[in-house]
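Visitor: Submitted below is the structure of interest, expressed as structure tokens.
Where a number appears in this text, it was derived from the coordinates with a stated rule and is not lab data. Note that the structure is a prediction, hence the values are computed from the model and not measured. Heads up, the Cβs are rebuilt from the backbone with ideal geometry, glycines too, and the neighbour counts pull from every protein chain shown.
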Amino acid sequence: MPVTAVVGLHWGDEGKGKVIDALSQHARLVVRFNGGANAGHTIVNEWGTFRLHLVPSGIFHPGCRNLIGPGCVVNPDLLLDEIDDLVRRGLARGELLLSDRAHLTLPHHVQLDVLEEEARGAGAHGTTRQGIWPSYTDKVARVGLRVADLYHPEMLASQLEASLRRHNAYLDRVHGQPVLDPAAVRRACQAWAERLRPYVTDGFEVVQQALEQDEPVLLEGHLGTMRDVDWGIYPYVTSSTTLAGGACSGAGIPPHRITRVVGVVKSYTTAVGSGPMPTEDPGPDGARLRELGQEYGATTGRPRRCGWFDGVAARFASRLNGCTEIALMKLDVLDHFDPVRVCVAYEYRGQRLTTVPPTPVLERVRPVYEELPGWNSSTHGATRYGDLPPQARRFVERVQELCGAPVTMIGTGPRREHTVYTPGGVL
């Protein structure tokens, strides 16, 4: 069976939650391979609307195991709150597992994120203030705390001493804040260890067992390619890799086993946070997209920046991730626009660019648009490609051409069943 990676091709918030939820119906294992609680996957099903921040999106499917992989950073308090909510409502239908190699996001990571973001003032990066980059900073500085360390007192004490020594010096000398009490942090770790114990596992064995038994495996990424730490709009990026290639280390999957890569885009483009977004429309069209699409951050509630479909970024990301297919979400939002605009190139100092340049250039490009006729009729809830208006089908075909990969899923509403499936693509 194929191992499928699901990744975002724009700035995040592309609708990956719905795609992963739909594909999870056929998966036996879903692995979240990167990031932390700084992104939310929104799922609408028969029980309501859910915004999952750490729990993988296959949790609603009985018989599906859901692993938070070693590439993630986990805030124990937020994870436990999320688990408690699902259990209280009787909706933790799949099995939840937490890799013992995942790193922890501790309260002082969140504190440092907030302090640094406020110190940047007008130059703030627009982080979600969830402590993600300080967690990854400790990870690469080799003073981070992993889930397994909660159950090994000597390692826990050693890592906490190294981490808190650095953080206390920074809090005191740079920000003039009170230092952290090591005893209080140790007590919190002891409490987390007890509550997390039922979920902690050797993630390597879980993944290898699934591969050996040829089970369908789904790899769940968060955010989008334009927020990748290497290939995104640096420095306005996240602190992990958001690419399908990053799933190999973040989940523990040999590269040759990933045979399917689903790149997710919306029929328009959105972003939360700072940094360049060439197709952002600050005028009435952008505001209308925001209201029709209900574009507000799943984690922060912040209004998203909205604009027309960025075909340059989508093609760049599709090629970078090696996408074998495209999932195009929220087609129905464009029911209300005529014409529909698609960015097919950037212009920079008289040059036509068809790929994404480094950030200093991207900040100064002008989008080159192609206008397509609107369809002025409802596609909401459509489930067959032939039921879409000809103009809507032409838009989907243009997205497929730009991305260079077949569009096999089209979202026509928020619910799982509001989906058009087009095996093999639409051309």
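Visitor: Within 10 Å of each residue's Cβ, count the other Cβ atoms and sort W133, W11 from fewest upward.
Guide: W133, W11
Visitor: If you take the C-alpha gyration tensor of the chain, multiply each eigenvalue by 5 and take the square root, what semi-axes do you get, largest first, in whole Å?
Guide: Here the semi-axes work out to 36, 26, 18 Å.
Visitor: How large is Rg over Rh for region 74-150, taking Rg from the Cα atoms and Rh as the Kirkwood inverse mean of 1/r across Cα pairs?
Guide: Looking at region 74-150, the ratio lands at 1.07.
Visitor: I would also like to ask the following. Which FRET efficiency value, to the nearest 0.05, do you get for Q209 and R288 by plugging their Cβ-Cβ distance into 1/(1 + (r/R0)^6) with R0 = 51 Å?
Guide: Efficiency computed from Cβ-Cβ geometry: 0.55.
Visitor: Mean residue ellipticity at 222 nm from the helices of the chain, using -39,500 (n - 2.57) per DSSP H segment of n ≥ 4 over the full residue count, to the nearest 500 deg cm²/dmol?
Guide: -9500 deg cm²/dmol
Visitor: Please report, for the Cα atoms of region 265-421, the Rg to one decimal and the Dmax as a whole number; what are they, in angstrom?
Guide: 15.2, 46
Visitor: Any chance you could check the Cα centroid distance between region 175-193 and region 28-92 for me, in angstrom?
Guide: 26
Visitor: How much FRET efficiency would the formula 1/(1 + (r/R0)^6) give for R186 and E417, where r is the Cβ-Cβ distance and R0 is 56 Å, rounded to 0.05?
Guide: 0.70
Visitor: Pull up all non-local amide H partners of K266: gap of 5 or more, or a different chain, and H-to-H distance under 5 Å with H placed in the peptide plane.
Guide: Hits under the 5 Å cutoff: M329.
Visitor: Under a point spin-label approximation (7 Å from Cα along Cα-to-Cβ), what is the N376-D172 distance to one decimal in nm?
Guide: Spacing of the two 7 Å Cα→Cβ label points: 7.1 nm.
Visitor: Specify the angular offset, from 0 to 90 degrees and rounded to the nearest 10, of the alpha carbon long axis of helix 182-196 from the longest principal axis of the alpha carbons in the chain.
Guide: 60
Visitor: So what are the three principal axis dimensions of region 103-196 from its Cα atoms, in whole Å, longest to shortest?
Guide: Cα spread of region 103-196 along its principal axes, largest to smallest: 43, 24, 22 Å.
Visitor: With angles folded into 0 to 90 degrees, how steeply does helix 284-293 sit against the dominant principal axis of the chain? Use alpha carbons for both and round to 10.
Guide: Roughly 60 degrees between the two axes.
Visitor: Let me ask something additional. With the contact rule set at Cα under 8 Å and sequence spacing of 6 or more, what percent relative contact order holds for region 210-321?
Guide: Relative contact order of region 210-321: 22 percent.
Visitor: With θ set to phi - 60°, apply the Karplus curve 6.51 cos²θ - 1.76 cosθ + 1.60 along region 159-167 and write out the HN-Hα couplings as whole Hz, x wherever there is a Gly or Pro.
Guide: 5, 5, 4, 5, 5, 5, 4, 5, 5
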